[in-house]
Structures are given as structure tokens and as C-alpha cells.
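Below is one structure; the comments refer to it alone.
Each reported figure results from applying straightforward, stated rules to the coordinates on display, with no laboratory input. As the structure is a computational prediction, the values presented were derived from the model and not from experiment. Cβ placement follows ideal geometry from the backbone for every residue including glycine, while neighbour counts extend to all protein chains displayed.
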Amino acid sequence: MDIRRSNGLQGEVKVPGDKSISHRGIMLGALAKGTTKITNFLQGADCLSTMDCFRRMGIQITNTPGEVLVYGKGLHGLTAPADTLDVGNSGTTIRLLSGILAPQPFSVTLTGDVSIQKRPMERVIEPLSQMGAQIESLPGNGCAPLKIHGTPLKGIHYNTPVASAQVKSCILFAGMYADRPTSVTEPALSRDHSERMLEHLGATLTIQGNTVTIRPEPSLEAREIPVPGDISSAAYFIAAGLLVPHSEILIQNVGINPTRSGMLEVCRAMGADIRYLNERKDSGEPTADLLVRSSTLKGTIIEGGIIPTLIDELPILAVMAAFAQGETIIRDAGELKVKESDRIAVMVEDLSAMGADVTGTPDGMIIRGGPTLSGADIHTYKDHRIAMSFAIAALAAEGTTHIEDADCVKISYPGFYEDLERLSR
Ligand code: S3P
């Protein structure tokens, strides 16, 4: 895909449904009693992988334009799949599913694509093993394929070394089947969609600071789940509106849950012109429309407890930093190395190819911004967030940028290039 400099982006865009919430809607809908209606479900490859896994465990799911219906069978209604479950590229699917599968009365093997087979699964194997689970990394390196021998679990208290919503959710989901309450304490608060959805469906959680406790055998009842637009997808249009001169973009129905919206705080610190319109709350998740106008940005420091609230937005924030005045420092973000690609190494490689002044560090990057970048060949390593970040960099850079394996955006935003094209004049 070739992308050229833009003269300005104008108009309205409605980004697709939130990926994290869509996954959880299928999972918890399957474990609830009754029919869960999910609207604005993300039809991205990752969420379709989750849907496929649950269908293979005997859950009927209809997927029609506008709504997904999950015919839940309650906490104990899953049946053994005939074959290995394939999660594709989806870390959320494999980690959250591990927590649901560990206590089932059957055994399952979970696998995924080349990238998933390199990502660390020890972070869920360890706490689940403490609960009594029997999980084996078949290659013996802590990575997938994972063989899970279902077995009864005991409740534990777990201090997670990393702030990860995938780890937290995995433990909470397993905790629904344990013999006593299970709690998780995180070093910093990660996204809380599992907690909000569990409460929405009727579970009782105790939340104190960074500790959440779940009681066993909650009675989950089906309820409608309206999925807000994904702030991680909106992030690309926010950046495009800010970076490309003569732009004004209205992004409708964006989820602004505070455990996800750290990017908006960083944008404010960088001098961005973003207005919140029509703020509201839908089934426990806050949303707003965002009006974004071209702005002159300045460098900033991104570190500490805000990192988990913008972890998926760091690639596009690094692009913004490359066009900003002055230096931006990103630290405490070592997790970037174990995402769909090593996002520190890949951002340094690709931003450097476009002429940016960027240095990688063990837990982040230092970016010295300048007025412009030049088009280049971008290696995405099939990482959707890298492809979308550089599509935006291309709009603000001189010349033409070529994005390799550009279609990997289908993981989280199948219509991304079409939406971008529509806003370009
Ligand atoms: C997710 C949690 C985050 C995030 C991922 C989705 C989730 O991962 O990067 O895209 O839905 O729970 P970690 O939990 O590994 O930080």
C-alpha cells in the first residue's frame, strides 16, 4: 500500500467497536444464562477467533450485521472441542481463554499463529498453576501451543508483576470456578473492562485500589452489551487530525474509560486541540464524541502508572512525538517488546527509515521531534498497530510511504484505509 502526504482531513468517522470489550462480550455471554445481544461488535480477525473458539465448545452464536447473539449456557455449559482451538494472532483470546479452560472437566490444546507462538504465556501459566491448574507449554519454552488438562481450582491471592489486563482477567475468570474467593493485585491499574462487564452481568466484585476480588460461582445473567468505539482505533484519527495541517475530524462514540484513555491526557500535555462532546455512559462504559483539530505539538514525558492506560497507543504516540517540537521520553514500557511485534525495535527501525531522530531504550524510546519526516518503505512485521501508525505518519510526511503487509489492519480495523480515504480531500 502506498500513501502520500495529505493536504488536510475533514469530516466524521465512527470507528469500529472496542476489541477488548468485544472479546469479553463473547466470553462472558457464553458463560451467562440466556441470550446476550452484543451491538457494535468488532468484526476484526481477533474477535472472530474468539467467536470461533466458543462455537467449537458448543456455544451457538449468530453474527448478523448490527448484532451478535450469544446463546449462553451458564458457567458449566461448555463442551470439549473436537480439535485444537486456534486463536490466530490474538493474545487476549489465548490468555483469557486459558483462565476459563483451566477449571473445565475436559482437556484442550490452544495454539495460534507464528507471532502468538513467540509471546510469553508463563505470566498466565504461573498464577493458574498456583490455583492448581495443569497447563503445559508443549514446546517447553513457556509459549503456545498450550495443553490444558481441566481440573478443579482453588482460590488464591496473586500479586501480578506486570500490570496486564489479560493476566488479571485470566485469573478472575478462573476464580469464578475456584473453591474460595480469588484476588489479584496489580502494580498499576490495567484496563477494567472485565470487572465492569462481570458486574453488568450480575457478578459481585470487591475492588479496593489496585486489588480486585471475585467470589466463586457468580450467577451471570445475559444482558445487552453495546460496545463503544475503540479508543485504540480512534487514536489513529486523533493523531491524523492533529498532525495534518488544515484538518478537523469528529470521531463519534469513542470509549473513554479512564483505564484506557491515557492517550488523551498525553495529547493535552502535548498541546493538542481535542474537545469532548456528548459525554455519556452505556452499560458501565463511558463514551464521548471527540472533535480534533490540527495542532502544533510539543514533546513530553510518558512514564509510570499512565503506561497501562495507553499501552496500545504508544506506537502512534511515538509518531506524534516525531513531528512534535522538542524531546519526548517514553519509559516504563518494556511490555512493548512482547506485543504482536517488538514495538520498541520496530518503531525505532521504521521511524529512523523516515528520517526521525529516535533511540530505543530497554523500556521505551527517546524521540527528538522535527518538523517533517520523509516517505520510506515500512516493515510492519504484520503488526496491525504498526501499519496504522505509519499510515498516519505517511499523511504528514514528504513524498510517498510504502507500507508492507498493509492488510494486517484486519486484526482490529478491517475498514481502516477506506475510512482514512473518505476523510482525505
Ligand atoms: C488487552 C490488554 C492489553 C492490550 C491488548 C488487549 C485486553 O494487553 O495490549 O491489546 O483486552 O485485555 P496486556 O494485558 O498484555 O497489557
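Ranked by the mean number of other Cβ atoms within 10 Å of their residues, highest first, the peptides 156-168, 279-291 come out as 156-168, 279-291.
Quotient of the Cα radius of gyration of the stretch 167-291 and 2.2 N^0.38 Å, N being its number of residues: 1.26.
Any idea how far the Cα center of the stretch 303-329 sits from the one of the stretch 252-287, in Å? Taking the Cα centre of each part, the stretch 303-329 and the stretch 252-287 sit 16 Å apart. Under 5 Å from the amide H of residue 357 lie the amide H atoms of 368, each residue being 5 or more positions distant or on a separate chain, with H modelled from the backbone and absent for Pro and chain starts. Once the Kirkwood radius over Cα pairs is known for the stretch 19-213, the Stokes-Einstein relation at 25 °C and 0.890 mPa s delivers a diffusion coefficient of 149 µm²/s.
Once the Cα atoms are used to define both axes, helix 165-175 deviates from the longest principal axis of the chain by about 10 degrees.
The magnitude of the dipole of the stretch 19-213, with charges of +1 and -1 set on the Cβ of Lys/Arg and Asp/Glu and taken from the Cα centre, is near 180 debye. Each Lys or Arg adds one and each Asp or Glu takes one away; over the other residues whose Cβ falls under 14 Å from the Cβ of residue 31, this sums to +2. The charge dipole of the chain, taken about its Cα centre with unit charges on the Cβ atoms of Lys, Arg (+1), Asp and Glu (-1) only, comes to about 820 debye.
Report for the chain the percent antiparallel among DSSP-assigned beta bridges with both residues inside it, nearest 5. Given both bridge residues lie in the chain, the antiparallel proportion sits at roughly 75 percent. For the stretch 19-213, the tally of Lys pairs with Cα-Cα distances below 22 Å comes to 9, considering only residues 8 or more apart or on different chains. Compared with the dominant Cα axis of the chain, that is its longest principal axis, helix 91-101 is turned about 10°. Of all the options 68, 338, 227, the one that moves most in a Gaussian network model of the chain with Cα springs shorter than 10 angstrom is 338. Against the chain, whose longest principal axis is taken from its Cα atoms, helix 19-31 shows a tilt of about 10°. Backbone geometry of the stretch 192-198 corresponds, through the Karplus equation with coefficients 6.51, -1.76 and 1.60 at θ = phi - 60°, to 3J(HN,Hα) couplings of 10, 5, 5, 4, 5, 6, 4 Hz, x marking Gly and Pro. The alpha carbons of the chain stretch over 59, 42, 39 Å along the principal axes, in descending order. Comparing 247, 188, 424 along the charge dipole axis of the chain, the residue lying farthest to the positive side is 188, per the Cβ-charge model. The distance separating the Cα centre of the stretch 22-72 from that of the stretch 143-194 comes to 22 Å. How much net charge surrounds residue 221 when only the other residues with a Cβ under 14 Å from the Cβ of residue 221 are counted, with Lys and Arg +1 and Asp and Glu -1? Surrounding charge for residue 221 is +1. By the gyration tensor of its Cα atoms, with a ≥ b ≥ c the square roots of the eigenvalues, what is the shape of the stretch 316-420: rounded for a/c under 1.5, prolate for a/b over b/c, or oblate? It comes out oblate by the Cα gyration axes. For residue 156, enumerate residues with amide H under 5 Å from its amide H, sequence gap 5+ or separate chain, H modeled in the peptide plane. Residues meeting the criterion, in which the H sits 1.01 Å from N, are 183.
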